[in-house]
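Student: What follows is a single structure, and I will ask about it in a moment.
Values quoted throughout were computed directly from the atomic coordinates according to the rules given, and no laboratory measurement underlies them. As the structure is a computational prediction, the values presented were derived from the model and not from experiment. FYI the Cβ positions are ideal-geometry reconstructions off the backbone, even for glycines, and counts take in every protein chain you see.
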Amino acid sequence: MKVVIIGSGAGGLTAASNIKKYSEKAEVTVITLENRVAYSPCAIPYVIGGEIASFDEIVMHTPEYYNEHGINIITESEAIEVVSSENIVKYKPKNDNEVILNYDYLVIATGGSPFIPPVKGTDLQGVFKVRTIEDGAKIKEWAEKSENAVVVGAGAIGLEVGYGLKELGINVSVTEMLPQILPRSFDPDMAIKVQKYLESQGINIILNQALDEILGNELAEKVVIGNNIIDVDIVILSTGIRPSIKLAKSAKCAVGKMGVKVNEKMQTSIPNIYSVGDCVEVYDGITKQKTQSPFGTTAVRQGKVAAKNITGREAVFRPVLNSVVSKIGELEIGAVGLTEISANLNGLDIIVGRSKALTKARYYPGCKPIDTKIICSKEGKILGCQIIAKETVAERVDTMALAIAKEVECEELTEMEFSYAPPVSMVVDPIVLAAEDALNKIKKDL
């Protein structure tokens, strides 16, 4: 069995490793544009800011490692066409002629491409996107000679990079065209808490203003954002990604609004072609609508599912809840499921529960505030959760992800058993307090 995988991100390499795990005789080849593989893009902002010493530390394995384990990694090569009727992939190595590979199964794991705003100046020197380890290295090098930075886009990556640049002693402004930061995962009442923290750290936040233009001759010198003209040495475009679907289209795979169409087996409209990662569209576990899930955890799960099905095992990929966590400075933030805004946009009747509590017993040294918000239906089913604190956010978000996936109701959550010890938790967990608040409101409405 010959399997060709296009893309060396989390989804592609997970598929490759698991195919070899389940079928030692499988011939697995991975084609990638990059010269480094198996690294964590999510760690790039923390290398930029100096929390991680070097980009080498975020590389888990080399191409040679995979070659030694029976997976052929072809680096610095571009897959240019898939001819699905003939089961062939055409690719072009750097500085070499086109090569043709045959396959029995193909996995398209081409990921996403950074969205570049259609404004003047994005091609100037000193303007960077944040996607690959090479992008991160260029940003780090340029930042060392910079005094003023503008980050365009106030999602988690933009804020992480912005904070990292601030840690290098650079004056940082973060701009967002929407009226709040973190618009995909947090409601305004929670996002403002993060904004105030960033502002307290000296980061300038500009909201409700789109990037109009980047000015300069060869180098970026000023950024025009609404009525603001800001001097810059470096500009970071953190404006989201778009699924890379060119190869899927060349293969005649069906493509939807959000990416490559796949079934629960990660199989495309062509039976021997699978697709995983940021390039595919998925289903929201609550609204049942098609959406994107551009997260490494999603890509890894999809890669495992694709590998099992390719090797004759049965596995399904379940709809997503898009759990997200981030650490920005001392602050940890996390969310899962629907926000209050997205629930309302989907026409759902909801109740919101809140709690302001502590991460451990109030008398224990080092306890920290934790803010929790739960969104649930008027029948009590949990639909979403947002948490902000300086510790222990990720594990609570994961708890809520499981609760939502299993359709746990607020009352059930308040009755669940939680562990307790003064150095690590409160006797009544903050998410239980938020659920109790929601439950009280539900009962008042009856």
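Student: Would you mind ranking Thr291, Thr175 by Cβ crowding within 10 Å, fewest neighbours first?
Tutor: Ranking Thr291, Thr175 by Cβ neighbours within 10 Å, fewest first, gives Thr291, Thr175.
Student: Once the Cα gyration tensor of region 70-198 is found, what semi-axes does its equivalent ellipsoid get, as square roots of 5 times the eigenvalues, in whole Å, sorted largest first?
Tutor: Equivalent ellipsoid of region 70-198: 38, 20, 13 Å, largest first.
Student: Still on this model: Once you keep just the Cα pairs under 8 angstrom separated by 6 or more residues, what percentage relative contact order results for region 330-445?
Tutor: This gives 33 percent for region 330-445.
Student: Now, a different point. Before anything else, pin down the relative contact order of the chain: Cα pairs under 8 Å, at least 6 apart, normalised by residue count, whole percent.
Tutor: 13 percent
Student: Moving on. Please give, to one decimal in nm, the separation of the simple spin-label points placed at Glu57 and Leu33, each 7 Å out from Cα toward the Cβ.
Tutor: 2.9 nm
Student: Taking the Cα centre of the chain as origin, work out the dipole magnitude from +1 charges on Lys and Arg Cβ and -1 charges on Asp and Glu Cβ, in debye rounded to 20.
Tutor: 1000 debye
Student: Separation between the Lys257 and Gln201 pseudo-spin-labels, each 7 Å from Cα along Cα→Cβ, expressed in nm?
Tutor: Between Lys257 and Gln201, the label points sit 3.5 nm apart.
Student: Give me the one-decimal nm value for the distance between modelled label points at Glu221 and Asn102, 7 Å along each residue's Cα-to-Cβ direction.
Tutor: Each label point is offset 7 Å from its Cα along the Cβ direction, giving 6.0 nm.
Student: Listed highest first by mean packing, meaning other Cβ atoms within 10 Å per residue, what order do 140-150, 257-267 come in?
Tutor: Per-residue Cβ counts within 10 Å, averaged per peptide and sorted highest first, yield 257-267, 140-150.
Student: Can I ask one more? Order of 61-71, 98-108 by packing, highest average Cβ count within 10 Å first?
Tutor: 98-108, 61-71
Student: Dividing the convex hull volume of the Cα atoms of region 127-237 by its residue count, what figure in Å³ per residue is obtained?
Tutor: In region 127-237, the Cα hull volume divided by residue count equals 93 Å³.
Student: Of all alpha-carbon pairs in region 241-301, indicate the percentage at a distance above 16 angstrom.
Tutor: Pairs farther apart than 16 Å: 38 percent.
Student: What lysines could a cross-link reach from Lys25, if we take a straight Cα to Cα line under 27 Å and drop same-chain neighbours fewer than 8 places away?
Tutor: The qualifying lysines are Lys2, Lys90, Lys92, Lys265, Lys304, Lys308.
Student: What FRET efficiency do you get for Ile80 and Lys378 if R0 is 51 Å and r is their Cβ-Cβ distance, rounded to the nearest 0.05?
Tutor: After rounding, the FRET efficiency stands at 0.45.
Student: Can you tell me the equivalent ellipsoid semi-axes for region 154-217? Use √(5λ) from the Cα gyration tensor, largest first, whole Å.
Tutor: Computed over region 154-217, the values are 19, 16, 9 Å.
Student: Still on this model: Write down the radius of gyration of region 64-145 and its Dmax, each obtained from C-alpha positions, in Å.
Tutor: Values for region 64-145 (Cα only, Rg and Dmax): 17.4, 52 Å.
Student: While we're looking at this one, here's another question. Give me, ordered by chain and number, the residues 5 or more places off Leu383 or on other chains with an amide H under 5 Å from its own placed amide H.
Tutor: Residues meeting the amide H criterion: Ile375, Cys376, Ser377.
Student: Using only Cα atoms, what Kirkwood radius does the chain have, in angstroms?
Tutor: Answer for the chain: a Kirkwood hydrodynamic radius of 23.4 Å.
Student: Right, something else. Checking a compactness column here: for region 1-94, what do you get for Rg(Cα) / (2.2 N^0.38 Å), N being the number of residues?
Tutor: Against the compact-globule rule of thumb, the ratio is 1.19.
Student: Under the Karplus relation 6.51 cos²θ - 1.76 cosθ + 1.60, θ = phi - 60°, what is the ordered set of whole-Hz ³J(HN,Hα) values for region 44-54, x standing for Gly and Pro?
Tutor: 4, x, 7, 6, 4, x, x, 5, 10, 5, 7
Student: Mind checking which of Met1, Leu168, Leu182 is farthest towards the positive end of the chain's charge dipole, using Cβ charges of +1 (Lys, Arg) and -1 (Asp, Glu) about the Cα centre?
Tutor: Farthest towards the positive end: Met1.
Student: Which of the peptides 221-230, 9-18, 412-421 is most tightly packed, and how do the rest follow, judged by the mean count of other Cβ atoms within 10 Å per residue?
Tutor: 9-18, 221-230, 412-421
Student: Using the Cα atoms as the points, what is the convex hull volume per residue of region 330-445 in Å³?
Tutor: So the per-residue hull volume is 90 Å³.
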